[in-house]
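Notes to accompany the following structure.
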Amino acid sequence: MTIMIRLKPIAVFVAALAVVAVKPACAKDNYPARPIRLIVGFAAGSSGDVMARIVGHKLGDVLKQTVIVENKPGASSMVATDYVARSAKDGYTLMFATIATTINMTLMAGKAPNVEKDMTPITLIGSIPNILVVNPKLGVDDVKGLIALAKQKPDELLYGASGLGSGPHLATELFKQMAGVKMTGVLHPGSGQTAVDLIAGRIQVMFAPAPTVLGLIKDGRVKALATTEAKRTSVAPDLPTIAEAGLPGYAAGLWFGILGPAGMPQPVIAKLSEATNAALKDPDVRKELERQGLNAVGGSPDDFAHFIKSEAARWARVIHAMDAAKSSKEGTPHP
């Protein structure tokens, strides 16, 4: 015998709403229920890639889920940023962001995603210094010597950098602006290729991520003058900072952090941030990151949001000054 129960239309509607309301809650509570993709905007072997793999492996352990590091290089990480910004807002596609994401907001205005509007800050991982290195045959021993030589030979010294708008490129431009010198830039696909040209003497100056040149400094193939952050780095404690060595107030490290697309659920953001901070406190992870020259930071999503805002404003000033200097050099056409 079949018993049929007829529900009034209003009861059916309420029941349907209850089902819809329960599903998202369950999905958030079970997060992560499948592997997470951590997108890197630079090639395998780059500083960002190395850091992402160290952090991503431990993050997977904390979350008890696989974290897959995936490289999507191109346009100084703009390809990866755009990809993540357009991804589902469920926390399964994240970006291991670098300083380039904030630089691109001004340098590629109208083309690059606006990180403050299009992305969700999760956690600031930390930063590594650039190291100011020169070809040993250049004949300078310190920062003051380099500044003096550059003033004697305006535009004659060639500096190398890994791509238009990269951290090393803007670090060099900031140096030029603060020191009042002129050097000619030669852009390369990556820091590794830039270092090859420095060793060969095709360029004379380079601001390089610390992991790229530490071995070359030790072997004497390049000469280190100073580091670029406000404080000395543990991987080269005998090197002065540029601020100490003759350019007070100079600071330009390379930072890394985890972002997601805008609109992610707050419970997912909170869980990711908590897990990332836990990963950064692991002694083995900290030791491995320190070997790469990284000073681990961590913190809340709000902390990272404030940091991004300040970085975007800071590098916008450098880029605008760089553009103004270029326009002045080329001359303004008269009507």
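The values are calculated or read from the model by the stated rules, or taken from the named source; none is laboratory data. These figures come from a predicted structure and were not determined experimentally. Don't worry about glycine lacking a Cβ; one is built from the backbone with ideal geometry, like all the others, and counts go over all protein chains shown. We work out accessible area using only protein heavy atoms, side chains counted, and drop any ligands, DNA or RNA first. Shrake-Rupley method; radii C 1.70, N 1.55, O 1.52, S 1.80 Å.
Return yes or no: is Ala43 open to solvent by less than 50 Å² (accessible area, probe 1.4 Å) and either in contact with a strand residue (DSSP E or B) (Cβ under 6 Å, 6 or more places away or on another chain) or modelled with pLDDT of 50 or more (or both)?
Numbers: open to solvent by less than 50 Å² (accessible area, probe 1.4 Å): no; either in contact with a strand residue (DSSP E or B) (Cβ under 6 Å, 6 or more places away or on another chain) or modelled with pLDDT of 50 or more (or both): yes.
No; evaluated as a whole, the condition is false for this residue.
So the check is Cβ under 7 Å with 6+ separation or different chains; which pairs have a first residue in segment 74-87 that's on the phi > 0 side of the Ramachandran plot and buried (at least 18 other Cβ atoms within 10 Å of the Cβ) and a second one that's of a type in the set (A, V, I, L, M, F, W, C) and in a helix (DSSP H, G or I)?
Short answer, once both residue conditions are applied: Ser76/Ala100; Ser77/Ala100.
Under 8 Å between Cβ atoms, at least 6 apart or on separate chains: pull out the pairs that start in segment 198-216 with a residue that is touching a residue at least 60 places away in the same chain (Cβ under 8 Å) and end on any residue that is charged (D, E, K, R).
These pairs meet every condition: Ile199/Arg221; Gly201/Lys137; Ile203/Asp197.
Of everything in segment 88-115 that's touching a residue at least 40 places away in the same chain (Cβ under 8 Å) and among the charged types (D, E, K, R), which residue is surrounded by the most Cβ atoms within 10 Å (Cβ to Cβ)?
Going through the qualifying residues, I end up with Asp90.
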